[in-house]
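Trainee: One structure, as structure tokens, below. Some questions next.
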Amino acid sequence: MKTTTFSSVLLMLSTAAFAQRGGGPPLTSLKTVPVPAVPGIEQYVRDQAALVVLGKALFWDMQAGSDGRTACASCHFHAGADHRVQNQLAPPQTSTAGITPNRTLTAADFPFHQPGNLDAPRSVAGSAGTFQRSFFDVVPGAAEEDGADLFSSRFSLNGRQTRQVTSRNTPSVINAVFNVRNFWDGRASNIFEGSALAWRDGHLVTEQVRLENSSLASQAVGPVLNEIEMSYTGRSFAKVAEKLLTLRPLGRQAVSAGDSVLGAYADASGVGLAPEYSYRRLIETAFEPAYWAAPEGGQMAANFSLFWGLAIQAYETTLISNDSRLDQFLEGNTQALSALEQQGMREFLGGRSQCTQCHQGAEFTAASFRNIGRPGFFRTGVTPIEDDPGLENGAFKSPGLRNVEFTGPYFHDGGQATLEQVMDFYARNGDFRAGGNLGPGIGQIRLNQQDRTAIVAFMKALTDDRVRFQRAPFDHPSLCISTGHEEPAAGVLAADTTDGRFASSAIDRWALIPAVGKDGAVAPLQTFDELLRGIGNDGSRAHNLTQPCVP
Ligand code: HEC
Ligand code: HEC
């Protein structure tokens, strides 16, 4: 639609749906969008609530990583994403270039690319995962697995190994259930496929699993065995099962008695789940006996990736932020948006910004399951195609923009620290335009300074306060996250002498993400830019990473 005047915005409120350029569903409250159901899941699942309990425990459990300290949440702890600033650099996806491990990013590093400086060495702000190590075996009763250091030339400094870093920036898991396909390049298929061992009429039979609307399950089984993210090289799902089935869920983490999902299961000590809620028990409660009750034994471990995928998907499906001030506005509360934010909304929907060519509907992305069959992947010229082709020819998933205030740094390369920088990028119609097709509207964007300010204000109105204050369903157990390594002198990393097998690994620094219950925290989340600038370290922001932690 054309640039809308204020009065016509108000008139359209009665329908509370804004048609937009690029087609696709109109802009409505996210509460009007159905959550995609998974046809046929009842074959496997008998208790959906128990499935969410299991999924939340697995997602936050640091014991799942080979080092006993890396959970899914280690990179998705902050509005579903990651805003750490130290040891977060990696070479681009297809590049063998070097980076300086353990560096602390500063505000001056951003944006990574600027007109006139596009030849500068390129790197990506990703997320620190695990050390590069070979897997020997799990140790019954221990969260840390047996292994040995491997030598990574990319992630080491003067002979000392650092944690490896992903070559793409971490997107948020909040609202990811609406994506047809997940990951920046869409490689997590909406069809979750695999095989399962079923106990039928006294026999164990192999069945094919094929579930639709399950991109999150396809996604979730990836990082567990990924040797940069969570795993030593050579681990299997059966080994993950063998370990976790001997451990108390969240055994090293605080769980609030007020946690919206886990509170009723929390141990009275405040740490972990109570002994009666083992992973075995949670699986038995959630899943049909045909998938775990065979008398032979070993069936539960054999089906662990099925349990893992479906449980984490069920938990992530609860992470929907549909009560932002924009949602309230679209539901008829005309006071919910300021005049500037409403102006930003008109610019966002209007012809000069082109935003809704790719960020459509309540989900703010054309990659929504409601757009099935329509591509939601576009090239906007963030990096050269040869650094990372994405889906193909430099096209990446158009991300949803809800809570975007907290999910910096931005883009698949994490190269922009602030929304203002993102708007400058769009106003100059991208950075790397050579070599192939650009997405619709790129080249035609015309935004003056005032427009950019208004659109930034509008994007900040897409925050759900439950995310800002970590209230249910966004409450969670505590977590120790690695925030780089001890570096007593520049370029010299201290060695971890406590364990001979890992003698070439650098010592971690750990920061606490405190547990919160359903009522959340008093302080709002810190933005990436605030962390870069040390704003909120006095406790006026949550997740300021100043509190030490012992994993
Ligand atoms: C070391 C950091 C790290 C860990 C640990 C990690 N992730 Fe991620 N996650 C990422 C990065 C980086 C991406 C983007 C990768 C890509 O697109 O190629 C991502 C992407 C995702 C996405 C896709 C979101 C989207 O919009 O495309 C989901 C969902 C997700 N992760 C969930 C999980 C789950 C579940 C686990 C645990 C099983 C996990 N992550 C573990 C870093 C991590
Ligand atoms: C041609 C399609 C297209 C248009 C037009 C477009 N975007 Fe995007 N947007 C994308 C894609 C694709 C990405 C991810 C690009 C990447 O990382 O390489 C993205 C990323 C973003 C991000 C970063 C989100 C994150 O989590 O990293 C923001 C913010 C954003 N867009 C806002 C806007 C605004 C505001 C407009 C209008 C001025 C706009 N976009 C126009 C496709 C588009």
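Trainee: At a 1.4 Å probe radius, carbon and sulfur cover how many percent of the accessible area of the chain?
Mentor: For the chain, the apolar C and S fraction of the accessible surface comes to 52 percent.
Trainee: Now a separate question. Taking all pairs of distinct Cα atoms, average 1/r, flip it, and tell me the Kirkwood hydrodynamic radius of the stretch 227-327 in Å to one decimal place.
Mentor: 15.6
Trainee: May I ask what percent, to the nearest 5, of DSSP beta bridges between residues of the chain are antiparallel?
Mentor: Of the beta bridges lying entirely in the chain, close to 90 percent run antiparallel.
Trainee: Quick one: helix 449-460 against the long Cα principal axis of the chain, what's the angle to the nearest 10°, folded into 0 to 90?
Mentor: Orientation of helix 449-460: about 40 degrees from the principal axis.
Trainee: Could you list the residues of the stretch 125-143 with an amide nitrogen less than 20 Å from a label point located 7 Å from the Cα of residue 204 in the Cα-to-C-beta direction?
Mentor: Label zone hits: 138.
Trainee: Once you have the Cα-Cα distance between residue 499 and residue 338, take 0.36 nm times their residue separation minus that, and quote the gain in nm to one decimal.
Mentor: 52.3 nm
Trainee: Rounded to the nearest 500, what is the 222 nm mean residue ellipticity of the chain from helices alone, with -39500 (n - 2.57) per DSSP H run of 4+ residues and division by all residues?
Mentor: -5500 deg cm²/dmol
Trainee: Hey, can you grab everything whose amide H is under 5 Å from the amide H of residue 165? Only 5+ residues off in sequence or another chain; H modelled, so Pro and N-termini drop out.
Mentor: Close amide H contacts, sequence-distant or interchain: 129.
Trainee: Label points 7 Å out from Cα along the Cβ direction at residue 437 and residue 119: separation in nm?
Mentor: It is 3.1 nm.
Trainee: Which Cys residues of the chain have no other Cys Cβ less than 4.7 Å away and so no disulfide-compatible partner by this rule?
Mentor: 72, 75, 355, 358
Trainee: For the full complex of protein chains and a 1.4 angstrom probe, list 239, 460 by accessible area with the highest value first.
Mentor: Sorted descending by solvent-accessible area, the residues read 460, 239.
Trainee: Just report the Cα centroid separation between the stretch 370-397 and the stretch 497-551, whole Å.
Mentor: Centre-to-centre distance over Cα atoms comes out at 33 Å.
Trainee: Pairs of lysines 8 or more apart, or on different chains, with alpha carbons under 25 Å: count those in the chain, would you?
Mentor: Number of lysine pairs found: 10.
Trainee: Can you give the local net charge around residue 541? Use residues other than it whose beta-carbon is closer than 13 angstrom to its beta-carbon, Lys and Arg +1, Asp and Glu -1.
Mentor: -2
Trainee: Give me the extension gain from residue 446 to residue 293: residue separation times 0.36 nm, minus the current Cα-Cα distance, reported in nm with one decimal. Let's see the in-between values first.
Mentor: Numbers: separation 153, 0.36 × 153 = 55.08 nm, distance 6.24 nm.
Length gained, residue 446 through residue 293: 48.8 nm.
Trainee: Per residue, how much accessible area does the stretch 311-430 show when a 1.4 Å probe rolls over the protein heavy atoms, in square angstrom?
Mentor: That works out to 29 Å² per residue.
Trainee: With θ set to phi - 60° and the Karplus curve 6.51 cos²θ - 1.76 cosθ + 1.60, what are the ³J(HN,Hα) couplings of the stretch 132-139 in order, to the nearest whole Hz, using x for Gly and Pro?
Mentor: Calculated HN-Hα couplings, in order: 7, 9, 8, 8, 9, 6, 8, 10 Hz.
Trainee: Put 382, 139 in order of accessible area, largest first, 1.4 Å probe: what do you get?
Mentor: On the way: 382 15, 139 60 Å².
Final ranking, largest accessible area leading: 139, 382.
Trainee: Please work out how much length the chain gains when fully extended from residue 427 to residue 100, using 0.36 nm per residue of separation minus the C-alpha to C-alpha distance, in nm with one decimal. It would help to have the intermediate numbers written out before the result.
Mentor: Details: separation 327, 0.36 × 327 = 117.72 nm, distance 3.11 nm.
Gain on stretching residue 427 to residue 100: 114.6 nm.
Trainee: With a Förster radius of 60 Å, plug the Cβ-Cβ distance of residue 533 and residue 281 into 1/(1 + (r/R0)^6) and report the FRET value to the nearest 0.05.
Mentor: 0.85
Trainee: How large is ³J(HN,Hα) for each residue in the stretch 239-256, as worked out from phi by the Karplus curve 6.51 cos²θ - 1.76 cosθ + 1.60 (θ = phi - 60°), to whole Hz, x for Gly and Pro?
Mentor: Residue by residue, the stretch 239-256 yields 6, 4, 5, 3, 6, 5, 6, 9, 10, 6, x, 6, x, 10, 10, 6, 10, 5 Hz.
The values are calculated or read from the model by the stated rules, or taken from the named source; none is laboratory data. What you are looking at is a predicted structure, and each value in this text was computed from that prediction instead of being measured. Cβ coordinates were reconstructed from backbone atoms using ideal geometry, including for glycine residues, and neighbour counts include every protein chain displayed. All accessible areas refer to the heavy atoms of the entire protein, side chains included, with ligands and DNA or RNA removed. Shrake-Rupley method; radii C 1.70, N 1.55, O 1.52, S 1.80 Å.
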